[in-house]
Amino acid sequence: MTYEEMLGYVVRIRREASGLSQAEMAKRMNMSQGTWSRLETGVTSMKLGVARRAARVFDLQPSELLAQTDAVAAALGIDLQ
């Protein structure tokens, strides 16, 4: 699994925990739902600016979102590429 795929996975978990649909998240991120879906699935790599904006939606610092991504990968025993 790539880091981008894991980041998308963690963002999806955070979005769902926040009770947001993909469409609602996409609107907050100022992008289409299709684009947001591709980011969550890792089909499209999430750029740093997008990750920063997503972190803000979840009331996190970008470093916290990246740390959570690392922690989830470690907990699942996944070696990120």
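The values are calculated or read from the model by the stated rules, or taken from the named source; none is laboratory data. Note that the structure is predicted; figures quoted are calculated from it, not measured. Neighbour counts run over all protein chains shown; Cβ positions are idealised from the backbone, glycine included.
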_Considering only the range 44-53, I want to know if a residue exists there that is among the hydrophobic types (A, V, I, L, M, F, W, C), surrounded by fewer than 17 Cβ atoms within 10 Å (Cβ to Cβ) and assigned to a loop (DSSP other than H, G, I, E, B)._
no
_Test: residue in the range 13-26 that is under 12 Å from the mean Cα position of the chain (by Cα), assigned to a helix (DSSP H, G or I) and exposed (fewer than 15 other Cβ atoms within 10 Å of the Cβ)_ = yes
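Condition check ((1) touching a Cys at 6+ places or on another chain (Cβ under 7 Å); (2) surrounded by fewer than 18 Cβ atoms within 10 Å (Cβ to Cβ); (3) touching a residue at least 60 places away in the same chain (Cβ under 8 Å); (4) charged (D, E, K, R)) across all residues:
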{"residue": "VAL10", "(1), (2), (3), (4)": "no, no, yes, no"}
{"residue": "LEU39", "(1), (2), (3), (4)": "no, no, no, no"}
{"residue": "ALA55", "(1), (2), (3), (4)": "no, no, no, no"}
{"residue": "LEU60", "(1), (2), (3), (4)": "no, yes, no, no"}
*Examine the range 48-56 for a residue that is over 18 Å from GLU16 (Cβ atoms), of a type in the set (Lys, Arg) and modelled with pLDDT under 95, and state whether such a residue exists.*
no
